[in-house]
Amino acid sequence: MSGMLNRLCARKGGFFLFPERLLLRLREAFGQTFFPQRTCVCCGALGVEPVLCPACQKKMTELAVCSLCASFTEPGQLFCRFCRAGEKKPFEAAVAAMPYQGLLRKNIHRFKYGGKAWLRRPFADMVCRKVKLAWPEVKFDLAAAVPVHANRLRQRGYDQAELFGELAAAELDTPFAPGLLLRVKDTPPSAGYKKAERRILMRDAFAPGKGQAAGAKILLLDDIYTTGETAKACSECLLKMGAAQVWVATIAATALR
Ligand SMILES: [Zn+2]
Ligand SMILES: [Zn+2]
């Protein structure tokens, strides 16, 4: 129903996020009573607490991930093949909670395109769990989300990275800066583009928005890490705005490439 309301509002040509936000907050406030979520968001296991079943929690701690970027690697490898080849990244490091596959992939799709905004809670929990696992000692000054272009915001009715980013920031006790970056180029989704093509597409895709980044250690949040080019373009923009460091965390990363 919220998705329908959203589409209705979007059709009228405005960013009427109000009904979506209101329904979302109602759902979150009464969530466990009226909208019980009793399945694992990654594998669908029944009867678990809101986010991850014990098997998926175990998997998250055991997955072989590149130490520098969010790519999953072959077991025993410290770096992915791009980082082994010496690719420079403007961020300190990146992590993804889980591989982009199976039910999680479907759920991210529902979250982005199917109006299932309430999935922000399990996704925020997943990302926070991963950030704490990966970087237990890092204290961020600010959290920001990779923004969507105004055209897509109009289609979807909400900015999915900002929705879950807001919750994740709260859970990590970090101030959230909505609108810190602007997406000034309406780029197509990453799928189907090679890394080099993606790099060209993402050039100058982001611009400074509102708020200050100067001197800050920033946690940048997004839904999927694919080629890493989006994270790089955002990080470059944040560094130009004077940020001291950028760390990237996403819900999922595409499988080993
Ligand atoms: Zn599971
Ligand atoms: Zn890497």
Cβ-Cβ below 9 Å, separation at least six or inter-chain, first residue in the stretch 66-80 and more than 18 Å from Thr230 (Cα to Cα) and without any contact (Cβ under 8 Å) to a residue 24 or more places away in the chain, second away from ligand 1 (no atom under 16 Å from the Cβ) and among the hydroxyl-bearing types (Ser, Thr, Tyr): which pairs?
Leu78/Ser67; Phe79/Ser67; Phe79/Ser71; Phe79/Thr73
Using the structure shown, decide if Thr230 is assigned to a loop (DSSP other than H, G, I, E, B), touching a helix residue (DSSP H, G or I) at 6+ places or on another chain (Cβ under 9 Å) and among the hydroxyl-bearing types (Ser, Thr, Tyr).
no
Can you confirm whether the stretch 115-133 contains a residue that is outside any helix (DSSP H, G or I) and aromatic (Phe, Trp, Tyr)?
no
Under 15 Å from Ala252 (Cβ atoms), surrounded by fewer than 23 Cβ atoms within 10 Å (Cβ to Cβ) and over 13 Å from the mean Cα position of the chain (by Cα): which single residue out of Arg156, Arg129 fits that description?
Arg129
Report yes if some residue within the stretch 31-39 is at pLDDT 70 or above, under 27 Å from Ala117 (Cβ atoms), in contact with a helix residue (DSSP H, G or I) (Cβ under 7 Å, 6 or more places away or on another chain) and assigned to a loop (DSSP other than H, G, I, E, B); otherwise report no.
no
If Tyr113 satisfies all but one of (1) within 18 Å of the chain's Cα centre (by Cα); (2) modelled with pLDDT of 95 or more, what's the number of the condition it fails?
(2)
Return only the number of the condition from (1) in a helix (DSSP H, G or I); (2) touching a residue at least 12 places away in the same chain (Cβ under 8 Å) that His109 does not satisfy.
(2)
On the given criteria, is Arg203 among the basic types (Lys, Arg) and surrounded by 18 or more Cβ atoms within 10 Å (Cβ to Cβ)?
no
Cβ-Cβ under 8 Å, sequence separation 6+ or interchain: first residue in the stretch 132-161 and touching a residue at least 40 places away in the same chain (Cβ under 8 Å), partner surrounded by fewer than 16 Cβ atoms within 10 Å (Cβ to Cβ) and polar (S, T, N, Q). Which pairs?
Leu133/Thr61
Taking the stretch 40-65 only, how many residues are without any contact (Cβ under 8 Å) to a residue 40 or more places away in the chain, under 16 Å from Ala253 (Cβ atoms), within 16 Å of ligand 1 (Cβ to nearest atom) and part of a loop (DSSP other than H, G, I, E, B)?
1
Within the stretch 159-174, residues in a loop (DSSP other than H, G, I, E, B) and surrounded by 14 or more Cβ atoms within 10 Å (Cβ to Cβ) come out as Asp159, Leu172, Thr174
Got a sec? Which of Thr226, Thr174 is among the polar types (S, T, N, Q) and touching a Leu at 6+ places or on another chain (Cβ under 7 Å)?
Thr174
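Residues checked against (1) surrounded by fewer than 19 Cβ atoms within 10 Å (Cβ to Cβ); (2) of a type outside the set (Asp, Glu); (3) within 27 Å of Pro136 (Cβ to Cβ):
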residue	(1), (2), (3)
Pro188	yes, yes, no
Lys217	yes, yes, yes
Thr227	no, yes, no
Lys232	no, yes, yes
Trp247	no, yes, yes
Name the residue that is surrounded by the fewest Cβ atoms within 10 Å (Cβ to Cβ), counting only residues in the stretch 55-108 that are of a type in the set (S, T, N, Q) and within 16 Å of ligand 2 (Cβ to nearest atom).
Ser67
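The values are calculated or read from the model by the stated rules, or taken from the named source; none is laboratory data. Everything numeric in this text was worked out from a predicted model, so none of it was measured. A quick note on method: Cβ atoms are made from the backbone with ideal geometry, for glycine too, and the neighbour counts reach across all protein chains shown.
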